[in-house]
Amino acid sequence: MAGQQRELTLRFLAEPTDVNYGGKVHGGVVMKWIDQSGYAAAVGWSGRYAVTVAVGGIRFVAPVRISDLVAVSAKLIHTGTSSMHFAIDVRARDPMGGEWRLCTHCVIVFVALDGVEGRPVAVPPWELVSEEDRRMAEYAMRVMELSKGIEQTIADFQSPLA
Ligand SMILES: CC(C)(COP(=O)(O)OP(=O)(O)OC[C@H]1O[C@@H](n2cnc3c(N)ncnc32)[C@H](O)[C@@H]1OP(=O)(O)O)[C@@H](O)C(=O)NCCC(=O)NCCS
């Protein structure tokens, strides 16, 4: 497909309305940014509507301050049949200058659908070229296995006791 893009970065200012009770940006707001950047990258890659199926390994490493310049990057690191796995980095810095700080990292997985209420549909494969590509694909699969393991653990505990 023409115009496929592996990587995408959203840039904007953290707004006063994004504040949490401690004066920094709310974790839920950061998760919304992650979902938005992943969504834009997923529909751009697949040319399809896509939904979030899982988020793995999310870690809030450092706070984002109100009025920081924020960059949320989504990089495709693995494709399955219908799934697209993106490594997300949320970075922030003073808009007047200074170093970028890594604030949050995770892997988010989107599934392409054949319509808004549709079924999973195949996506163009991400072809691994470099050693770094292989390393990141391995990372995506490890995170997915861990995430599915958590799902199984939750399902086991949610089952009614015999
Ligand atoms: C996404 C959804 C359509 C998948 O339906 P499903 O019946 O589970 O479909 P499948 O079992 O075929 O799985 C589809 C893909 O999701 C992947 N997947 C499922 N659970 C996963 C997990 N925990 N981590 C990573 N990938 C996962 C599968 O591996 C499969 O990928 P593949 O096609 O590349 O092999 C369905 O779960 C759904 O509608 N979920 C809600 C999505 C949503 O509304 N998101 C917005 C947030 S509320």
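FYI, it's all coordinate maths here, none of it is from the lab. What you are looking at is a predicted structure, and each value in this text was computed from that prediction instead of being measured. FYI the Cβ positions are ideal-geometry reconstructions off the backbone, even for glycines, and counts take in every protein chain you see.
Before moving on, here are some points about what is shown:
- Kirkwood estimate for the chain, i.e. one over the average of 1/r between Cα atoms, Å: 16.9 Å
- The amide H of V53, built 1.01 Å from its N in the peptide plane, has V109, F110, V111 as neighbours under 5 Å, considering only residues 5 or more places off or on other chains.
- A simple spin-label model places the labels of V43 and R119 2.4 nm from each other, with each point 7 Å out along Cα-to-Cβ.
- A simple spin-label model places pseudo-atoms 7 Å from Cα toward Cβ; at T81 and R6 they are separated by 2.5 nm.
- Added length on full extension, which subtracts the Cα-Cα distance from 0.36 nm per residue, I154 to E127: 6.4 nm
- Segments 28-35, 103-110 sorted - mean Cβ within 10 Å per residue, highest first: 103-110, 28-35
- Relative contact order, percent, the chain [alpha-carbon distance under 8 Å, six or more residues apart]: 24 percent
- The long axis of helix 27-46 is offset from the longest Cα principal axis of the chain by roughly 50 degrees.
- Two-site label geometry, L102 and I58: point separation in nm, points 7 Å out along Cα→Cβ: 1.8 nm
- Reachable lysines from K148, criterion Cα separation under 30 angstrom, eight or more residues apart if same chain: K32, K75
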